[in-house]
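The values are calculated or read from the model by the stated rules, or taken from the named source; none is laboratory data. In this text the structure is predicted, and so the values were computed from the model without any measurement. Cβ: placed from backbone, ideal geometry, glycine included. Neighbour counts: every protein chain shown. Side chains included, ligands, DNA and RNA excluded: accessible areas come from the protein's heavy atoms. Shrake-Rupley method; radii C 1.70, N 1.55, O 1.52, S 1.80 Å.
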Amino acid sequence: MTVRLRYAPSPTGDPHVGNIRSALWAWAFARHEGGVFYLRIEDTDQTRLVPGSIERIEASLRWLGLDWDEGPDVGGPYGPYVQSQRLDGYREATGRLLASDNAYRCFCTPADLEAMREAQRAAKQPPGYDGRCRLIPAAEAEARAAAGESFVVRFAMPREGTTTFTDLLRGEITYENRLLDDFVILKSDGFPTYHLAHAVDDHLMATTHVTRGDEWLPSAPRHVRLFEALGHPVPIYVHTPVILGPDGGKLSKRHGAKSVLEYAEDGYLPDALFNFLSILGWSPDGATEILSRQQVVDAFDIKDLVVHPAVFDTQKLEWMNGVYMRAMAEDELSEVFARELERALPADVVRPLDRALVAAITPLVRERVKLLPEVTALVDFLFASDVAAPPRDQLLGKAYRNRADAAPAAIDAAVAALDALEAWDAAAIEECLRAVAAQTGEKPGDLFMLCRLAVTGKNVTPPLFESMELVGRDASLDRLGRAAEVLRAAAG
RNA sequence: GGCGCAUUCGUCUAGUGGCCCAGGACACCGCCCUCUCAAGGCGGAGAUCGCGGGUUCGAAUCCCGCAUGCGCUACCA
């Protein structure tokens with residue numbers, strides 16, 4: 001039998017990482033088994049719809065590389081894939097449940113229910129619907145409904161005994177029926193609740209494995225009873241754990257990005273997020289952590305999922321993002337850098353950027369950035385028409401603090417030597433500056449830092465000689481000269 | 001309150017009765033490399049396997065209690 005799994009989000013906003021991780025696992029399992037992964041939109045709560053959500057959901061999946069075989073956009077043999085377009089099925093199921101006395105109409109108003117709960121609270125009784133409308137004779141209920149009275153349909157849970165089901169990860173779980181009340185399956189607006197929609201659709205759409213967040217565990221026995229009352233086989237349940245914030249609480253915007261699309265906007269690589277999410281709660285062998293999509297698919301087994309919550313470790317994600325940046329093909333990464341720089345560089349830098357220049361930069365910075373946005377601060381001096389010399393104190397640094405006169409002198413020597421250079425390339429510049437250091441008695445490192453500050457304006461940069469090559473001879477000498485001026489002016 | 005699920009280094013995890021006085025990864029610390037910063041290499045520190053009882057020759061691994069955390073207890077999903 002070929003497996004069929006689904007991702008069934010509500011269109012109430014952007015999918016967050018916890019939610020999408022479940023989707024990723026369902027996808028990986030379906031692909032591993034050569035089965036089907038489909039997308040179904042659960043829009044049965046008309047009051048919570050957020051326009052554009054479906055597109056954002058699809059964009060999130062696509063960005064992560066999770067392709068679906070059936071869905072609202074591509075259709076499929078079990079469509080439609082949007083629950084608001086499947087109302088007939090829920091009506092049909094409700095009719096059958098009503099006819100078999102597995103369900104009944106409830107005419108209680110919200111006020112009635114509130115009063116009931118109030119009384120239960122006062123009497124220290126466990127809250128829950130008391131089943132009063134179950135006593136209404138079917139004919140009377142029918143008549144009241146026909147007369148236009150507003151009602152919901154509730155499932156008639158068995159009052160005694162227990163309900164047992166199997167969660168693939170946790171084994172058998174048993175609930176006492178008397179603790180489960182008669183829950184609503186059809187709302188007064190004619191839409192089903194999640195419970196009914198789940199039982200109807202996951203059967204009609206031939207879902208073999210139901211993966212969902214473990215907040216659904218307590219309602220699983222209701223679903224099992226629903227399936228049975230409908231005469232449908234119960235699917236295999238896989239309840240997945242939540243993702244927590246670094247403080248052990250719920251993951252929220254406070255902890256950084258939360259939705260998948262935010263990570264995309266922040267410049268994370270989709271391969272990195274995919275990899276990171278795949279192993280947050282799953283491990284192929286206890287050692288391997290860097291895995292391609294294909295490797296995840298090959299190694300994945302849904303039975304191997306961990307059952308406890310996991311803290312989202314942003315630092316590890318960043319590390320992994322760096323791993324993927326370094327592993328990327330250079331020309332591809334170069335284009336990524338180019339686009340990021342075009343986004344982040346000051347407005348006066350002309351676009352499009354010189355791709356040859358970015359290509360030359362790429363190997364210099366790829367090992368120095370973990371996150372895309374870090375690239376700009378590292379190389380902006382290569383694009384700025386003017387780089388101001390740092391203030392005197394910074395130029396002197398620790399090395400020249402107590403011998404301030406030596407600094408401008410060293411720069412002068414460097415300028416003279418560089419000016420006389422025939423070829424302007426990194427190797428020649430290095431050779432030249434090392435010679436200057438030797439002649440002047442400066443420590444190479446001290447001289448290089450001085451030049452770095454003068455030419456780039458900062459003390460953390462890509463390698464100096466390559467940087468100077470890219471800055472060019474004229475600009476390099478100019479900046480060196482102005483740094484010397486700063487040192488002399490301040491001194492005088 | 002009731003019901004349920006969970007509990008291995010700071011974090012993510014490996015581990016399914018002896019190979020574990022617990023392995024890997026991120027983070028952290030040190031050394032090496034080195035023009036800065038990274039990357040890389042090597043090494044270190046870090047977990048009485050939540051606690052208490054049992055079962056067993058032997059338990060992180062099986063059983064029972066307890067504690068803690070989280071979830072559910074809607075005409076939301």
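For the reader, a short list of remarks on this structure follows.
- Nearest-ten-degree value, helix A:53-64 long axis tilted from longest Cα axis of chain A: 50
- Once the Cα atoms are used to define both axes, helix A:220-230 deviates from the longest principal axis of chain A by about 50 degrees.
- Expected 222 nm ellipticity per residue - DSSP helices of 4 or more, -39500 (n - 2.57), all of chain A, to 500: -14500 deg cm²/dmol
- Förster radius 41 Å - calculated FRET efficiency between A:K303 and A:T109, Cβ distance, rounded to 0.05: 0.30
- Per residue value of the accessible surface for chain A (all protein chains in place, 1.4 Å probe), Å²: 46
- The stretch A:86-240, accessible surface, carbon-and-sulfur percent (1.4 angstrom probe): 55
- Folded to 0 to 90 degrees: helix A:406-419 orientation relative to chain A principal axis, Cα: 90
- The stretch A:329-382 - percent of accessible surface contributed by carbon and sulfur, probe 1.4 Å: 54
- The per residue volume of the convex hull around the alpha-carbon atoms of the stretch A:329-382 is 71 Å³.
- Antiparallel bridges, percent of DSSP beta bridges restricted to chain A (to nearest 5): 50
- Loop-located GluC sites (Glu not before Pro) in the stretch A:332-388, at most 15 other Cβ atoms within 10 Å (DSSP): A:E367
- Anisotropy class of the stretch A:125-196 from Cα gyration tensor, a/c 1.5 cut: prolate
- Modelled this way, with points 7 Å down the Cα-to-C-beta line, the labels at A:A138 and A:V82 are 3.6 nm from one another.
- Average Cα contact separation per residue, the stretch A:86-240, under 8 Å, 6 or more apart, as relative contact order %: 25
- Annotation note: trypsin sites (Lys or Arg not before Pro) in the stretch A:393-469 located in DSSP loop regions with a Cβ neighbour count of at most 15 within 10 Å are A:R401, A:R403, A:K458.
- In range of the label at A:E374: residues from the stretch A:261-278 whose backbone nitrogen is under 19 Å from the point 7 Å along Cα→Cβ: A:263-277
- Isolated Cys residues of chain A, judged by Cβ distance under 4.7 Å to other cysteines: A:C108, A:C432, A:C451
- Additional length obtainable on full extension of the chain from A:I290 to A:V349, 0.36 nm per residue less Cα span: 17.5 nm
- Shown here: chain A, whose C-alpha atoms stretch 106, 51, 40 Å along the first, second and third principal axes, sorted largest to smallest.
- Two-site FRET efficiency, A:E228 against A:D67, from Cβ-Cβ distance with R₀ of 35 Å, rounded to 0.05: 0.55
- The stretch A:329-382: relative contact order as a whole-number percent, Cα under 8 Å and 6+ apart: 46
- Taking 0.36 nm per residue of sequence separation and removing the Cα-Cα distance, the A:R473/A:A145 pair yields an extension gain of 109.3 nm.
- Cα-Cα over 24 Å, subset of A:K250/A:K316; A:K398/A:K443; A:K303/A:K370; A:K124/A:K250; A:K124/A:K187: A:K303/A:K370; A:K124/A:K250; A:K124/A:K187
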